[in-house]
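The values are calculated or read from the model by the stated rules, or taken from the named source; none is laboratory data. Just so we're clear, the structure is a prediction, and the values are computed from it rather than from any experiment. Methodologically, a virtual Cβ is constructed for each residue, glycine included, from the backbone with ideal geometry; neighbour enumeration extends over all protein chains shown. Side chains are part of the model used for accessible areas, which takes the heavy atoms of the whole protein and leaves out ligands, DNA and RNA. Shrake-Rupley method; radii C 1.70, N 1.55, O 1.52, S 1.80 Å.
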Amino acid sequence: NLILLTIAAVEMALHWALLCLIFSPLMPATEYGLPKFICSPMPLDMDNGCQSASQQRHGAGANSAGNGHWVGTLEEAKETILHLRETVVHQKETILDQRETVRELTAKLSRCEAHSRRHGAAAANTMEDPPKETSGVNQMERMLESLKERLEHLQVPSLVHQPPLLQKTIPYLSQLCFLLIFVHLFLSEDFRVGFPLRTNYMYVKVKRTLHHEIFAFSICLWLKSSSAPGMGTPFSYSVPGQANEVVLIEWGNNPMELLINDKAATLPLAINDAKWHHICVTWSTRDGIWESYQDGVRRGSGENLAPWHPVKPGGVFVLGQEQDTLGGRFDATQAFIGEISDFNMWGHILTPGEVYKMATCTSYAGGDIINWAEASMELHGGVVKLPFNACH
């Protein structure tokens, strides 16, 4: 806001202060020892816009004496004003175009900082972080603190004390944009992974695993696919002795299914229209109750899906492939083709209101078991990673 107000002030002052002050050394002193001026708005094609009070009293004779000098200086001033006005207008348009981007990236910086602080409580979660990530987390925290400190110390020079405003402010604006773009590119969690081909080697492995048994869960993700028939397997979780512990799959001409302990429930979801959809599935071991949501609306529910079965720990989560053994032996005919983002898992059942808010982008909540973050995902076989924000 300060930058926009400053630019507006420059634009208003250019035709008044600059034109009058540029000639102040040329004007004669009055009886009070200092020149007096009478300035009024004028078109740029006029020859004169400022006259001294003493010159007005003495008539046109005094004006004509220095007319030749005034004409040349005034033409130079007009060219300067036009050039400065064009620069101001251009910079104003640029800042207005980027204002929303700057606001969005600043919010992302706050989100990244909050996410880094949550790692302190990772030991209490149901997922276990690899020990080697500790140094990376500490490095991210130090980097975020450094970025925050630099952003807080950025200041824009005052218009009153610094007349060449654009030359002073543009470097600061560039520095701010550079820092925010750095945060967006390297620390942002807004990304998607793409599976352009149906293969048996393209997949994303989640670096964490369940630490103990769970008796309920919610899994939500954004996905897009145009594959027909069957989009394949968006995600699978296998454990020793059971390759199909938790699987979401749409294979061949079969409908989409949720598998728990190799038991299946049919989900009435249709998403292979090449558009982004928010998908959620919930399940409880009590009576095997399950629900499915598409774009925030419940589209199916049932019970008796692997009732009283606890989801086992120590397995492997994979995006894009169905596992026939623990962490491998993929079948290309069951591979997912499309794009996935914001894969999150909770150890409890989300309410319909919580699901709706996430699908409509009125709130965001990362999973307490799996939280969508680049540091938690390991890409294999040429999976493409691209920037993405489902809510924009």
- line: Considering the stretch 349-392, residues that are of a type outside the set (A, V, I, L, M) and open to solvent by less than 20 Å² (accessible area, probe 1.4 Å), and then whichever is nearest to residue 202 (Cα to Cα), we arrive at 376
- request: Starting from residues that are in a strand (DSSP E or B) and polar (S, T, N, Q), keep the ones in the stretch 283-303 and report whichever is most open to solvent (accessible area, probe 1.4 Å).
  value: 301
Search result, residues across the stretch 215-240 that are open to solvent by less than 10 Å² (accessible area, probe 1.4 Å), closer than 27 Å to residue 297 by Cβ and in a strand (DSSP E or B): 217, 218, 219, 220, 221, 223, 232, 233, 234, 235, 236, 237
- line: In the set 243, 265, 274, the lone residue that is more than 21 Å from residue 326 (Cα to Cα), open to solvent by less than 60 Å² (accessible area, probe 1.4 Å) and outside any loop (DSSP other than H, G, I, E, B) is 265
task: State yes or no: is residue 301 in contact with an Asp or Glu (Cβ under 7 Å, 6 or more places away or on another chain) and among the hydroxyl-bearing types (Ser, Thr, Tyr)?
output: yes
- line: Scanning the stretch 183-214 for residues that are farther than 19 Å from residue 272 by Cβ, modelled with pLDDT of 90 or more, within 25 Å of the chain's Cα centre (by Cα) and open to solvent by less than 10 Å² (accessible area, probe 1.4 Å) gives 191, 204, 206
query: Could you list, in sequence order, the residues of the stretch 215-240 that are closer than 15 Å to residue 320 by Cβ and over 27 Å from the mean Cα position of the chain (by Cα)?
result: 227, 230, 231, 232, 233, 236, 237, 238
field: Considering residues of the stretch 246-262 that are not acidic (Asp, Glu) and not in a strand (DSSP E or B) only, the residue least open to solvent (accessible area, probe 1.4 Å)
entry: 256
- request: State all residues of the stretch 225-277 that are on the phi > 0 side of the Ramachandran plot, touching a strand residue (DSSP E or B) at 6+ places or on another chain (Cβ under 7 Å) and small (Gly, Ala, Ser); if no residue qualifies, say none.
  value: 230, 232, 274
task: Hey, can you tell me all the residues within the stretch 334-390 that are assigned to a loop (DSSP other than H, G, I, E, B) and among the aromatic types (Phe, Trp, Tyr)?
output: 336, 364, 372, 388
field: Selected residue (criterion: least open to solvent (accessible area, probe 1.4 Å)) from residues of the stretch 304-340 that are under 29 Å from the mean Cα position of the chain (by Cα) and of a type in the set (Gly, Ala, Ser)
entry: 320
- prompt: Only one residue in 373, 359 is within 25 Å of the chain's Cα centre (by Cα) and over 18 Å from residue 224 (Cα atoms), so which one is that?
  reply: 373
